[in-house]
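Scroll down for the structure; my scribbles are underneath it.
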Amino acid sequence: MSLMNKNINKIAIVRLSALGDIVNSAIVLQFIKEKYPLAKIEWFTENSFANILNNLCEIDTIRTINLKKVKKEKNFQLLISTIKALQKYDNYDIIIDMQGLLKSSIVSRLLGKNTHGFDKSSIREPIASFFYKTTTSIPYQEGVVLRNCKIVSDALGFDIDRDMILNKKPIFNITKIYEHKKRSIAFVIGASWSSKIYPKELVCNVCNELKEDVTIIWGNEDEKERAEWISQHSKYAKVAPKLSLDELVSYISSISLLIGNDTGPTHMAWAQNIPSITLFGPTNSRMIYQTPVNIAIESPSKVNILKINKEDFSIKEIDVFTIVKIAKELLK
């Protein structure tokens with residue numbers, strides 16, 4: 001059930017974290033602006049993810065909150081000030097909670113009464129649905145991009161079909177031009193859990209079998225060490241420079257192919273219409289929207305998306321030659 005409000009002037013989107021989820025959510029902005037070109041869009045996110053939103057021209061205002069700090073420090077005064085700040089924002093025609101967690105639903109409700117979210121059978125934390133005025137029903141097991149598009153199209157009363165998703169414009173603006181003398185490949189070696197990471201030895205084997213220059217993208221010191229190890233064991237691999245989120249978007253937008261784990265930077269390739277291969281172990285292809293040039297390779301593991309096993313290291317069972325074969329096909 002949606003509000004079906006034809007007078008949409010001001011929209012609040014609540015999508016607090018994480019990077020990959022924000023990347024997969026941001027596709028809806030271009031469709032909203034096509035339907036409601038004069039509507040003002042405000043996006044609420046955690047402080048640490050605000051920078052990536054600066055690359056989205058459809059957002060009129062980025063609102064940041066720091067719930068992670070509240071939780072980590074158990075800072076009651078910060079919690080109170082956060083609540084008061086949220087209550088000051090008003091006059092939204094609709095507030096769309098794209099995250100579907102208890103914390104995001106409470107944030108949504110503090111912003112106003114016209115809240116829209118997933119119903120209790122479509123959500124990871126069913127109690128969150130009690131904070132919504134209207135809801136969307138879509139199986140939790142459905143692909144995340146389709147879920148994101150469905151909740152927004154329901155809330156705003158228009159359709160987003162598969163052809164619109166396949167023919168999307170690049171989602172993020174680029175601010176820096178990277179030029180390559182020949183076709184370029186990048187490998188994203190990081191992830192939020194160790195079980196989502198393709199082993200460095202196998203990354204090295206992929207580079208050696210591809211026999212193409214591969215840039216290893218890293219995001220922290222541990223990943224940098226692994227990137228350096230890979231470059232020391234493969235003449236085809238080189239370590240990427242340290243990249244800000246802004247630079248990362250621009251760099252990925254310039255390459256021929258990206259290979260990587262199920263993580264935000266890998267999803268950026270899909271967002272920018274760049275060919276990609278995403279490797280899945282404890283998670284599955286639900287996390288991306290596959291296209292003819294954005295391919296998922298899953299491990300043999302049987303994944304229960306409602307109860308993910310973070311100790312599932314089956315990603316190491318993905319065959320190097322399968323990756324190489326698909327990579328060569330995409331590079332054609």
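The values are calculated or read from the model by the stated rules, or taken from the named source; none is laboratory data. Note that the structure is a prediction, hence the values are computed from the model and not measured. Glycine also receives a Cβ, built like all others from the backbone with ideal geometry; neighbour counts cover every protein chain displayed.
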Review point. Which of the following residues is more than 18 Å from the chain's Cα centre (by Cα) and under 20 Å from I308 (Cβ atoms): A128, A155?
Key: A128
Check your understanding: surrounded by 14 or more Cβ atoms within 10 Å (Cβ to Cβ), touching a Phe, Trp or Tyr at 6+ places or on another chain (Cβ under 7 Å) and in contact (Cβ under 8 Å) with a residue 24 or more places away in the chain, is that true of L102?
Key -> no
Check your understanding: Checking N47 against (1) farther than 22 Å from M287 by Cα; (2) of a type in the set (S, T, N, Q); (3) in contact (Cβ under 8 Å) with a residue 60 or more places away in the chain, which test does it fail?
Key -> (3)
Practice item. Starting from residues that are of a type in the set (A, V, I, L, M, F, W, C) and part of a helix (DSSP H, G or I), keep the ones in region 230-248 and report whichever is modelled with the lowest pLDDT. Key: L245
Check your understanding: Among the residues of region 63-81, which ones are part of a strand (DSSP E or B) and either charged (D, E, K, R) or buried (at least 16 other Cβ atoms within 10 Å of the Cβ) (or both)?
Key -> R63, I65
Check your understanding: Looking at (1) modelled with pLDDT under 90; (2) in contact with a strand residue (DSSP E or B) (Cβ under 8 Å, 6 or more places away or on another chain), can you tell me which one V70 breaks?
Key -> (2)
Exercise for review: Keeping to region 76-99, report how many residues are free of Cβ contacts under 8 Å to residues at least 12 places away in the same chain and of a type in the set (S, T, Y).
Suggested key: 1
Practice item. Could you please find all residues in region 31-44 being touching a residue at least 24 places away in the same chain (Cβ under 8 Å), surrounded by fewer than 17 Cβ atoms within 10 Å (Cβ to Cβ) and in a helix (DSSP H, G or I)? Key: K33, K35
Check your understanding: Under the condition of being part of a helix (DSSP H, G or I) and β-branched (V, I, T), which residue from region 249-296 is farthest from I177 (Cα to Cα)?
Key -> T266
Check your understanding: Which one of these is touching a Phe, Trp or Tyr at 6+ places or on another chain (Cβ under 7 Å) and either surrounded by fewer than 19 Cβ atoms within 10 Å (Cβ to Cβ) or over 25 Å from N24 (Cα atoms) (or both): A227, A237?
Key -> A227
Check your understanding: So which of G117, G112, G157 is among the small types (G, A, S) and crowded, with 20+ Cβ neighbours inside 10 Å?
Key -> G117
Exercise for review: Hey, can you tell me all the residues within region 21-30 that are part of a helix (DSSP H, G or I) and surrounded by 22 or more Cβ atoms within 10 Å (Cβ to Cβ)?
Suggested key: I22, V23, N24, S25, V28
Study note, to complete from the structure: Checked G100, G112, G117 against criteria (small (G, A, S), over 24 Å from the mean Cα position of the chain (by Cα), over 12 Å from F44 (Cα atoms) and outside the structural domain of L306 (by TED's automatic domain parsing)); the one match is G112
Study note, to complete from the structure: Of the residues in region 195-252, those that are in contact (Cβ under 8 Å) with a residue 60 or more places away in the chain and of a type in the set (S, T, N, Q) come to S195, N205, S244, S250
Check your understanding: When you go through E201, E179 one by one, which is the residue that is at pLDDT below 95, out of contact with any strand residue (DSSP E or B) (no Cβ under 7 Å at 6 or more places or on another chain) and either within 30 Å of E34 (Cα to Cα) or not polar (S, T, N, Q) (or both)?
Key -> E179
Exercise for review: Return a yes/no flag: does region 82-96 have any residue that is part of a helix (DSSP H, G or I), surrounded by 11 or more Cβ atoms within 10 Å (Cβ to Cβ) and charged (D, E, K, R).
Suggested key: no
Check your understanding: For region 297-308, which residues satisfy the criterion of being touching a residue at least 24 places away in the same chain (Cβ under 8 Å) and either assigned by TED's automatic domain parsing to the domain that holds Y140 or in a strand (DSSP E or B) (or both)?
Key -> I297
Revision key, fill the gap. Scanning region 131-142 residue by residue, the ones that are crowded, with 17+ Cβ neighbours inside 10 Å and under 22 Å from the mean Cα position of the chain (by Cα) total 2
Exercise for review: Starting from residues that are among the β-branched types (V, I, T) and touching a residue at least 24 places away in the same chain (Cβ under 8 Å), keep the ones in region 50-75 and report whichever is farthest from D97 (Cα to Cα).
Suggested key: I52
Practice item. Might you let me know whether region 160-178 holds any residue that is out of contact with any Cys (no Cβ under 6 Å at 6 or more places or on another chain), exposed (fewer than 13 other Cβ atoms within 10 Å of the Cβ) and of a type in the set (D, E)? Key: yes
